[in-house]
1. Residues being buried (at least 20 other Cβ atoms within 10 Å of the Cβ) and part of a loop (DSSP other than H, G, I, E, B): count how many of those fall in segment 134-147.
2. Given the conditions (1) without any contact (Cβ under 8 Å) to a residue 40 or more places away in the chain; (2) of a type in the set (Asp, Glu); (3) open to solvent by 70 Å² or more (accessible area, probe 1.4 Å), report the number of the one that Glu58 does not fulfil.
3. Given the structure, is Arg41 touching a Leu at 6+ places or on another chain (Cβ under 7 Å), basic (Lys, Arg) and in contact (Cβ under 8 Å) with a residue 40 or more places away in the chain?
4. For segment 83-101, give me each residue that is hydrophobic (A, V, I, L, M, F, W, C), open to solvent by less than 60 Å² (accessible area, probe 1.4 Å) and under 18 Å from Gly143 (Cα atoms).
5. Just one of Ser46, Ser40, Ser32 is surrounded by 14 or more Cβ atoms within 10 Å (Cβ to Cβ), at pLDDT 95 or above and touching a Ser or Thr at 6+ places or on another chain (Cβ under 7 Å); which is it?
6. Kindly indicate whether any position in segment 195-212 is within 24 Å of Glu151 (Cα to Cα), open to solvent by less than 40 Å² (accessible area, probe 1.4 Å) and in a loop (DSSP other than H, G, I, E, B).
7. Quick test of your reading of the structure: Val197 fulfils all but one of (1) within 22 Å of Lys16 (Cα to Cα); (2) modelled with pLDDT under 95. Name the failing condition by number.
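The values are calculated or read from the model by the stated rules, or taken from the named source; none is laboratory data. Please read these numbers as outputs of a predicted model, since none were measured by experiment. A quick note on method: Cβ atoms are made from the backbone with ideal geometry, for glycine too, and the neighbour counts reach across all protein chains shown. Surface areas here come from the heavy atoms of the whole protein model, side chains and all, with no ligands, DNA or RNA. Shrake-Rupley method; radii C 1.70, N 1.55, O 1.52, S 1.80 Å.
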Amino acid sequence: SQSPYLQGLMLTLEAKTGFVRALVGGRDFGDSKFNRVTQSRRQPGSTFKPIVFAAALEQGHTLSELVVDEPFSLDIPGQDTWSPQNYDLKFGGQMTLRRALYDSRNIPTIKLGQLVGEQTVIDEARRFGISTNVRAVPSIHIGSADVVPLEMIASFTAFANTGARTVPQAILRVEDRAGRIIWQPQPKKVSVLEPAVAWLVTDVLRDVVRRGTASGTVGSQITFPAAGKTG
């Protein structure tokens, strides 16, 4: 209601250090001083799914494990029956967990999240640096809980760093007027995952680019190794 155009955000972090390389909190600071990177709460959607799969792998599930992508309903106490859909309104039948993630299938992710347990997924999100309230409801597995974009983006550094999440740093150093450094923060890392689990999830995120939901966009435009998640 306060802006005649759509707003957006963009954040680029250096995964190894957490240093902020670029941050755009909106289109025009003069028009809107609300920083959407650090102040907003947004539903992460499918970008939350790798956290669910990481929790599952830590419990002993494997990427070759089979799950069925089919019509699915849950009875929610005090609410209507919940019948989630996939983004393309289709069902893929039996598939591996690997494919379920790189093709971003909602139904298999919800089923996996139910096996893992909602509280386990919430605890995993906390370790990944998500500080907002994530309620124990089935839809959290496909990204229904509001998160701070800065925290969601920073959570992916745990995959890039083989299990160690880096804390975002917006200040590189403080100098006096003579150019002498009087304060300089050191990268802060928090252990999140076992290296083997982080490597496996990262490999599936490579598949997202190589043959999954990003293959026709990002994957068709780049030649260097890349991993990520659509959503």
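1. Going through segment 134-147 one residue at a time, the tally reaches 3.
2. So Glu58 meets the others, but not (1).
3. no
4. Leu97, Ala100, Leu101
5. Just a single option satisfies the conditions, and that option is Ser46.
6. No, segment 195-212 has no match at all.
7. For Val197, the exception is condition (2).
So that you can scan it fast, the table gives a plain yes or no per residue for (1) at pLDDT 95 or above; (2) over 17 Å from the mean Cα position of the chain (by Cα); (3) within 23 Å of Met152 (Cβ to Cβ); (4) not hydroxyl-bearing (Ser, Thr, Tyr):
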{"residue": "Asp80", "(1), (2), (3), (4)": "no, yes, no, yes"}
{"residue": "Gly92", "(1), (2), (3), (4)": "yes, yes, no, yes"}
{"residue": "Asn106", "(1), (2), (3), (4)": "yes, no, yes, yes"}
{"residue": "Gly113", "(1), (2), (3), (4)": "yes, no, yes, yes"}
{"residue": "Val137", "(1), (2), (3), (4)": "no, yes, yes, yes"}
